[in-house]
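To keep things clear, I will list the structure first and then write my remarks on it.
The values are calculated or read from the model by the stated rules, or taken from the named source; none is laboratory data. Since the structure is predicted, the reported quantities are computational estimates derived from the model, not experimental observations. All Cβ positions, glycine included, derive from the backbone under ideal geometry; neighbour counts span all protein chains shown.
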Amino acid sequence: MSARASSRPADLEAVRAFGAYVRMLRENARGAGRGKPLRQLARETGIAPSVLSRGERGLQDLRRPEYLDRLAPHLGVRPSVLRRVATVITGADVERLRPHAPSEETATLPARTAGRMLWAKLRRELDRLQDAPPETIEALLSYVEFLSARGRVR
């Protein structure tokens, strides 16, 4: 189903948000995407480059199970996590997740001090999730478990 065939604005926003999330994962130089060109991801997944391009721009829905299962391993995300994200992600989420340059407050600090500041910020954000729906907590926990497992592999 393409985004154009979808008639509800919420559906269009979800398609755009998920497409932006896929692009962000693909372009992430540090993650499994490692800054992959779109054509390379297309070759690895067997999904046509035009489909990926349209999907990343929110013109085609990449949330279909056959796309999710093929994309996940090449973007460094477990398929179960990518499926869950596909059901809940919004445009605001994508903006919050987008990689940023080191902030002014941590860029010039020694790594240990910057790490402490970032942990404090993470704890504050987690505290704000106290009343979040269970599916949000489940998705976050799955992603943290994924990151922990990936960190042990390196």
query = Is it fair to say Arg26 is modelled with pLDDT of 90 or more, of a type in the set (D, E, K, R), part of a helix (DSSP H, G or I) and more than 20 Å from Ala92 (Cβ to Cβ)?
reply = no
query = Are any residues in the range 67-96 hydroxyl-bearing (Ser, Thr, Tyr) and assigned to a helix (DSSP H, G or I), and if so, which ones?
reply = Tyr67, Ser80, Thr87
note = Scanning the range 1-23 for residues that are among the small types (Gly, Ala, Ser) and more than 18 Å from the chain's Cα centre (by Cα), the one modelled with the highest pLDDT turns out to be Ala10
inquiry  = Taking the conditions exactly as written (surrounded by fewer than 15 Cβ atoms within 10 Å (Cβ to Cβ), among the basic types (Lys, Arg) and at pLDDT below 80), does Arg64 satisfy them or not?
reply    = no
